[in-house]
Structures are given as C-alpha cells and as structure tokens.
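Participant: Okay, handing you the structure first.
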Amino acid sequence: MATNISVFDGHNDVLLRLYKSPSSDAVSDFLCGEEAGHIDLKKAKAGSFVGGLFAMYSPSPGNFAALSKQMTGGEYAVPLPPPLPIEDARKSVLGELAILMKVVRHAKGEVTLCRTTAEIRAATLRGSLAVVLHLEGCEAIDGDLHFLELLYAAGLRSLGPVWSRNNIFGHGVPFAFPNTPDLGDGLTPAGEKLVRACNEMKILVDLSHITEKGFWDVARLSNAPLVATHSNAHALCPSPRNLTDRQLAAIRDSGGMVGLNFATCFLRPDGNMTADTDVALMVRQLDYLIEKLGEDHVGFGSDFDGATVPAKIGSAAGLPVLMETLRQSGYSEALLNKLGSANWLNVLERTIG
C-alpha cells in the first residue's frame, strides 16, 4: 500500500468549533479525539494531516447550519450579514486564541504554534501538529491597526481582510449562486493600509471571500505572492466565492497559491451544500487548477469544520481517500507531495518567512 501523503492545509475552522462546543472541556476533546468535527489530534494523525492555517473567525449572529440549508436548489442568494461590532468580533477572536494557547500548553509537544516556515518544518519533522494562526475577516482589528500588532505578537501570520460580509477594510462577496465574484466594492482606504502593513510585517493576505474588485486592489498594492487559501475554479462551479480564469492567471503570475476548498457548494456545478458529492469533482477541480496555475501553485484548503465536505472524505482522517483517488487518476507521488505540503511551505517561505 502506498505511503500516506503528509498534508499541510490552507484553511480550517476548528478553533471556532471548539469555541462554540457545548463540551465542558473542548481542549481535552481535541487532544484525545472526539466524535464531533473534522479535525482533532487523533483524526489528524490518522489522515497524515500535519498542520495548516488555523482560522480565528467571528461569527455573525444566527446559525450557520441555517445558512448551509439555504445553499441548495441550484440557485440561491443569501444576503450579506450586517457589519459586526468590533467588541463582538474581539470576544470570539480572543476566545478562540485562548483555546489554541491552551491546546498548545496541554499537548505535551504534540501541537506547536509556528511563526516561521522553519518552525513548521521542525514541528512536522518531530511529529507535532504545526499550527499557523490565521484571522478570517478583520472585524476585530481597529483602523489604527493596534490590535493587529497584538495578534502578530501572539503568532498571527495570515489574514483575510474580509469574510463574506463588509467591514471597515473592504467588501465581502456574498453566497449567491450562480454569480460572478464582481458583486461589490473593493478595499477601503483602511483596507489599503492593512495590506501595506501585512506586507511590511510579513503576514500573508488571503484573497478568499473578497470581491473581485477587492482582489484586484490587493493585486495592485501587494508585493507578496497572491494567495487564495480556500477557493476553487469559477469555470467549473459558478459561485462568487470561486476564482475566474483571469484571477487564476494573476495568482500564477505572482508566484502565488490556491488551496482547493472541499466545501461541496464550491465543488458542485449546481452549487449545492450536500455531503452526497462525488470525490471525482475534487479531482476535476484540481485538474483545472493545475492546468491554469501549474503544479507548483496548487494545494489544499479544506475548510474542515467550516463546511459540508464529501461524505467519502468525512474528516481529516479521510484524506488518504482523496490521495488514493488522485493516484488512480494518474497523479504521481511527486505531484501528490507538492499538493500535500511542499507548495504551501514554498509560498509561506516567500510570505511569512
């Protein structure tokens, strides 16, 4: 049997899941393994999930499950949530950050918060789960960027200026299917200031969730590789969350990166969020992304614990199923190693250092 391919993943929402968990000890649940969720230490080891960008995300009021139920029927338009007050955003971000710090503290070396690519490599070499801290939507950050400095000191090395709602930095793309990503304005002056600060501080700027105008604003301003941590090809699934061929070309030309999103609504031609989704659609997306970007600029951005993924994958423990499907589709071991982790480590080396 073929050796499992190590996976460094571009995006997950396990910190949000743990923050919202009804368990009295979510930290121990994560470290010891649990039934719920896509990622815990046991599932990570089973699937050779060696690390990734772990998102801190501030949820809008309401139930995400209700949002998922709206993303069916082949056509839908989910309104953008209203802007989130900074106090509410900071409460959840600090709660999620505290959970991560507790996980690292209690993990006895099995989980490591990494600030550089060298630290990622060292952690994975010793079998420790390598966590890079990401902020999905910057509602918790003030216009003066004081809170950005604090998060950076805590380990933040990647952020998306917006989630799919508007904030002081820019405009998020709504969940509206089928549609183009050209569904709103781009960066605000505060957003331009944020991008410049990220370049100076060596913080990766994630282009998933931003409007097409915002994408081109970042492309104009940034001196770093363009990266979409968890997005797919619009040509195969016309969701506004997915990337047009022109956007893919800009990412390629910058030496950037796209992480394949496992969320079924961004894989399926009908845009439905349902676990009854063929893994072959993941292969189809990867084929297309590699065709447009080249094999050195594609990886995985699973969206584990933040979306419905194909049932045959199920969780991080199911990653070998995807790898075996790719092998059967003609992918070489060398290419699988690039997709699994080498490409992410390469682009991180050129962004966060």
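The values are calculated or read from the model by the stated rules, or taken from the named source; none is laboratory data. Given the structure is predicted, the values throughout are model-derived calculations rather than measurements. For neighbour counting, all protein chains shown are included, and Cβ atoms are generated from backbone atoms with ideal geometry for every residue, glycine included. What goes into the accessible areas is simple: the full protein's heavy atoms, side chains included, and nothing from ligands, DNA or RNA. Shrake-Rupley method; radii C 1.70, N 1.55, O 1.52, S 1.80 Å.
Participant: Taking the highest mean first, how do the peptides 289-301, 250-262 order by number of other beta carbon atoms within 10 angstrom per residue?
Facilitator: Result, highest mean Cβ count within 10 Å first: 250-262, 289-301.
Participant: Only one of the values [x] 18.3, 54; [y] 22.8, 80; [z] 20.1, 65 was calculated from this structure for Rg and Dmax of the Cα atoms in Å; name its label.
Facilitator: Label [x] holds the value from this structure.
Participant: Can you send over the carbon and sulfur percentage of the accessible area for the chain, probe radius 1.4 Å, protein chains only?
Facilitator: The C+S portion of the solvent-accessible surface of the chain is 54 percent.
Participant: Here's a follow-up. Starting from the Cα-Cα distance between GLU295 and MET101, subtract it from 0.36 nm times their residue separation and give me the gain in nm to one decimal.
Facilitator: So the chain would gain 66.4 nm between GLU295 and MET101.
Participant: Which distance in Å, rounded to a whole number, links the C-alpha centroids of region 290-353 and region 76-149?
Facilitator: 21
Participant: Shifting gears a bit: Dipole of the chain, Cα-centred, from +1 at each Lys and Arg C-beta and -1 at each Asp and Glu C-beta, to the nearest 20 debye?
Facilitator: 560
Participant: Could I ask something else about it? Could you grab the relative contact order for the chain? Cα pairs under 8 Å, six or more apart, rounded to a whole percent.
Facilitator: Taking the mean separation of contacting Cα pairs over the length of the chain, I get 20 percent.
Participant: What do the square roots of 5 times the Cα gyration tensor eigenvalues come to for region 41-116, in whole Å, largest first, as semi-axes of the equivalent ellipsoid?
Facilitator: For region 41-116, the semi-axes come out at 31, 20, 10 Å.
Participant: If you don't mind, another one. Just add up the charged neighbours of SER341: K/R +1, D/E -1, any other residue whose Cβ is under 10 Å from the Cβ of SER341.
Facilitator: +1
Participant: Counting only other residues whose beta carbon sits under 15 Å from that of LEU156, what net charge do I get with K and R as +1, D and E as -1?
Facilitator: -4
Participant: OK, next. Taking the highest mean first, how do the peptides 23-35, 196-208, 4-16 order by number of other beta carbon atoms within 10 angstrom per residue?
Facilitator: 4-16, 196-208, 23-35
Participant: Using a/c under 1.5 as the rounded threshold, could you call region 309-353 rounded, prolate or oblate? The axes a ≥ b ≥ c are square roots of the C-alpha gyration tensor eigenvalues, and prolate needs a/b larger than b/c, oblate otherwise.
Facilitator: Verdict is oblate for region 309-353.
Participant: For region 95-174, rounded, prolate or oblate, judged on the Cα gyration tensor with a ≥ b ≥ c (square roots of eigenvalues), a/c < 1.5 rounded, else prolate if a/b > b/c?
Facilitator: Note, shape of region 95-174 comes out prolate.
Participant: Dipole of the chain (Lys/Arg Cβ +1, Asp/Glu Cβ -1, origin at the Cα centre): which of MET257, PRO82, GLY353 lies farthest to the positive side?
Facilitator: It is GLY353.
Participant: A follow-up question, please. Quick one: net charge of GLU295's neighbours, Cβ under 14 Å, K/R +1, D/E -1?
Facilitator: -1
Participant: Also: For the chain, what does the accessible surface come to per residue with a 1.4 Å probe? Please give it in Å².
Facilitator: I get 37 Å² per residue for the chain.
Participant: Scale the Cα Rg of region 272-353 by the rule-of-thumb value 2.2 N^0.38 Å and send over the ratio, two decimals.
Facilitator: 1.12
Participant: Extending each Cα 7 Å along its Cβ direction at ALA154 and LYS108, get the distance between those two points in nm, one decimal.
Facilitator: 2.7
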